[in-house]
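One structure below.
The values are calculated or read from the model by the stated rules, or taken from the named source; none is laboratory data. Just so we're clear, the structure is a prediction, and the values are computed from it rather than from any experiment. Positions of Cβ are generated from backbone atoms using ideal geometry, with glycine treated the same way; all protein chains shown enter the neighbour counts. Remember, those area values only see protein heavy atoms, side chains included, never the ligands or the DNA or RNA. Shrake-Rupley method; radii C 1.70, N 1.55, O 1.52, S 1.80 Å.
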Amino acid sequence: MEDAMKNLTRYLTGAALCAVCASAPAPAPAFAQASPAGAEAAEEDEARGDIARATQLYREGNEAFKQKRWSDAELKYLKAWGLVRSFDIAANLGEVQLQLNKPRSAATFLSFALRTAPPSTKPEQLARIRHFLGEAKAQVGTLRVRAMNVAEVEVYLDGERVPEEAARHELYLEPGEHVLLMRHAGYEDAVLRVITGPGLTETIAHRLKPKAEKAPGAAGAAGAEAAGAPAAAGPRAGNDAPPAKLPETTAAPREARSWVPVIALGAASAVGLGLGVGFTVASNGASADAHAQREAILRDGPGCLNASGAVAERCAQFSRTMARSDRFRDMAGVTFIASGTVALAALAVALWPQSGRTQVSAVRVIPELRGDSTGLSLFGAWQ
């Protein structure tokens with residue numbers, strides 16, 4: 001803080017002396033020198049008074065800073081900034097506002113401090129400013145605005161004019177949607193909508209459209225106005241005032257597609273596929289059991305034809321095992337077909353032109369097992 005205080009004092013004193021030197025009038029006759037000399041002395045006294053008040057406020061802000069009274073420190077620094085714009089004040093003010101959760105304003109002051117720091121600034125002080133500027137920019141959006149066909153433009157952000165010095169560098173925006181207006185004499189206003197997020201940096205390079213030439217009747221109206229006649233009501237020709245109301249965009253933002261039905265149908269397809277695989281495994285297992293039973297029957301006798309006693313019971317068991325294998329195989333085929341159908345439905349919903357919002361509340365796949373048939377039921381509710 002002491003180094004910053006010394007830098008501030010040297011900076012303010014030098015700035016005041018340069019201002020006085022720059023405003024020194026050219027040699028004038030003796031009788032005409034009294035008034036300019038008095039004005040020069042008054043300006044010098046006023047500048048010294050501002051420097052003294054800014055220095056005192058800066059010291060008070062530093063005391064509040066040391067005690068972590070962030071709101072008091074911010075108030076003192078803002079008052080000092082209103083008197084003299086110094087990189088020392090901007091650096092401390094930005095750091096305090098970062099503590100007060102004001103990253104957009106903090107980034108503005110910290111970037112000013114970094115741009116205007118004198119060559120005598122210590123490297124560790126510059127590193128501190130860069131560190132806190134990085135923290136602030138991570139919480140806001142950064143925007144660079146350039147006109148492709150004119151040197152400089154007036155920039156309005158959400159209806160408020162951006163200072164020229166800031167417009168030439170980076171603008172910092174709260175995350176969300178903003179309205180940007182670019183204006184230059186002789187060109188139509190360009191109104192753009194910008195959506196930004198934390199830590200995002202975007203450069204807008206826009207080509208302004210020249211205004212159309214005035215119609216022949218406009219010249220007569222201009223002549224009548226010059227002669228004193230009242231002009232017809234209409235928009236102001238000058239570009240020195242912000243628009244009364246920013247134009248509305250004609251196209252509403254398109255509502256994002258709901259992917260809930262696609263996800264639900266995809267999940268149902270996956271369930272059907274899993275059931276099909278399970279039924280296939282069960283069918284193969286039952287078929288293997290039936291094959292083993294058949295081999296055992298053939299080893300012990302001529303087979304199941306006209307069999308009696310224990311062999312007849314084993315033949316009946318073999319028949320039941322084969323029937324179970326066939327049923328599982330049929331169920332696997334049904335579920336595979338259903339799974340493919342649901343997958344095609346999901347693809348159709350994903351590619352279908354969006355005409356409204358569709359939501360799914362439930363999708364269930366239920367296998368149906370009957371004595372003589374098998375099936376798969378798909379239940380879903382959309383709205």
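Descriptive notes on the structure:
- Apportionment of accessible area to carbon and sulfur, segment 94-204, percent (1.4 Å): 52 percent
- Loop-resident sites, segment 79-134, for chymotrypsin sites (Phe, Trp or Tyr not before Pro), counting at most 15 other Cβ within 10 Å (DSSP): none
- FRET efficiency, Ser71 to Val277 (Cβ-Cβ, R0 45 Å, nearest 0.05): 0.10
- Normalised by the number of residues in segment 96-159, the average gap of Cα pairs under 8 Å and 6 or more apart makes the relative contact order 35 percent.
- Normalised per residue, the accessible area of segment 94-211 is 52 Å², obtained with a 1.4 Å probe and no contribution from ligands, DNA or RNA.
- When you restrict to C-alpha pairs under 8 Å that are six or more residues apart and normalise by the size of segment 122-198, the relative contact order lands at 31 percent.
- Förster radius 41 Å - calculated FRET efficiency between Asp50 and Thr201 (Cβ-Cβ, nearest 0.05): 0.70
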